[in-house]
Amino acid sequence: MAMNNMNRFSSGEIEHGVGDGAKREPGIAPFVTKTYDMVEDPNTNSIICWSSSGSSFVISDHNRFSFELLPKYFKHTNMSSFVYQLNNYGFKKIGLQKWEYGHYWFQAGKKHLISNIKRRTKILNARRDFNQENYFYGVGEEIRSQRDLNITLKSELEKLKERQDDMIKGIASLKEYLERSEAESRKFLCFLAKAVKQVVSTKRGTKRDVEVRDVITSKRRAEDVTRE
């Protein structure tokens, strides 16, 4: 029975208890209108009334509220169903010790504001659609950013490859130069060794010639002395 009442209460089928022909304000949920009228009625202040700030309402006697006011306005006595609907329309419980509820658009003496109160399901759906749109937009942005990053990385890799190729060519040229320099150095050393060897040989030959001449000269002198 409680679930039946809740379903009827949630779908808006349950009307004002004493006024089945009660006037409905366009664009305003019947539950919100009835709750406002119930809080605003000075004859029920001993059961439900505005808080001192006028920005919330307090149920001071929830037993009488369940068995006297709920049947009158909503044709049921289920306090849980009423609280469930309050939550559906965005009302917040204030404090822990008393039955006090508030909503930004639910204020004493400002009934025109209640037209801004909507069922949470509609708000959640709109928020879900907004979040989904933002999510897909974000995913698209992320994909574009990743694509741009990939292009940048690819360009950098190509530049690095070009630099690597230049370095390899430079190393090869340096190696070739060193090998050529080494070969030329070997040739020069061989040439220098031959030149030194030739100079040494030349010096030895000259010394031998001098010694031979000296021997011949000495021999001739000796012969000249003998003849005399």
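Could you tell me which of rounded, prolate or oblate describes region 60-99, using a ≥ b ≥ c as the square roots of the eigenvalues of the alpha-carbon gyration tensor, with rounded for a/c under 1.5 and, failing that, prolate when a/b is larger than b/c and oblate otherwise? Each step should come with its number before you reach the end.
Values: a/c = 2.80, a/b = 1.32, b/c = 2.12.
Cα axes put region 60-99 in the oblate bin.
Applying 1/(1 + (r/R0)^6) with R0 = 45 Å to the Cβ-Cβ distance of ARG163 and TYR104, what FRET efficiency is obtained, to the nearest 0.05?
Efficiency, rounded to the nearest 0.05: 0.10.
So who's got an amide H within less than 5 Å of the one on TRP99, skipping anything under 5 residues away but keeping other chains? H placed 1.01 Å off N, in plane.
Distant-sequence amide H within range of TRP99: ILE59.
How long is the gain from ILE143 to GLU40 if the chain were fully straight, where each residue apart is worth 0.36 nm and the alpha carbon distance is subtracted? Mind dumping the intermediate values first?
On the way: separation 103, 0.36 × 103 = 37.08 nm, distance 5.52 nm.
Going from the current span to full extension adds 31.6 nm.
Multiply the residue gap between SER155 and SER60 by 0.36 nm, knock off their C-alpha separation, and tell me the result in nm, one decimal place.
Roughly 26.9 nm would be gained on extension.
Multiply the residue separation of LYS175 and ILE94 by 0.36 nm, subtract the distance between their alpha-carbon atoms, and state the gained length in nm to one decimal.
Details: separation 81, 0.36 × 81 = 29.16 nm, distance 8.50 nm.
Gain on stretching LYS175 to ILE94: 20.7 nm.
For the residue pair ASN87 and PHE67, what label-to-label distance in nm results when each label sits 7 Å from Cα along the Cα-to-beta-carbon direction?
Result: 2.6 nm between the two label points.
FYI, it's all coordinate maths here, none of it is from the lab. Everything numeric here is computed off the predicted structure, so don't read it as measured data. When we count neighbours, we look across all protein chains shown, and the Cβ atoms used for this are built from the backbone with ideal geometry, even at glycine.
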